[in-house]
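The next block holds one structure in the form of structure tokens; read it before the comments.
The values are calculated or read from the model by the stated rules, or taken from the named source; none is laboratory data. Predicted, not measured: the structure shown is a model, and the values here were computed from it. Reconstructed Cβ throughout: ideal geometry from the backbone, glycine too, with neighbour counts over all protein chains shown. Ligands, DNA and RNA are excluded from the accessible area calculation, which covers all protein heavy atoms including side chains. Shrake-Rupley method; radii C 1.70, N 1.55, O 1.52, S 1.80 Å.
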Amino acid sequence: MDQLKSQCEQSLGSSLTPENVTEVLQLADLHQAELLKSKCINFITANSAQVIATNGWKLLRKNRLSWSLK
């Protein structure tokens, strides 16, 4: 099962976009997928201007304010 989880993390981590990264981040947190969560945070940091302009970011800030402040 761990191998399947790892494969999913790698696949999702390589297909991040500004539009999907906040949703993937929430899934990573829900499933305790720390590698994927780290990839999402790094992606958001590297692409912050694009990510912040998305509806997903606005929803994340509204629903999980503590995450957007980290």
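Computed over the chain, the P(r) curve from all C-alpha pair distances, binned at 5 Å from the origin, holds 3, 18, 30, 26, 13, 6, 3, 0 percent per bin. A Förster radius of 30 Å combined with the Cβ-Cβ distance from GLN7 to LYS62 puts the calculated FRET efficiency at roughly 0.40. By accessible area, using a 1.4 Å probe on protein heavy atoms only, the chain has 54% of its surface on carbon and sulfur. Accessible area per residue for the chain is 70 Å², calculated with a 1.4 Å probe on protein heavy atoms, without ligands, DNA or RNA.
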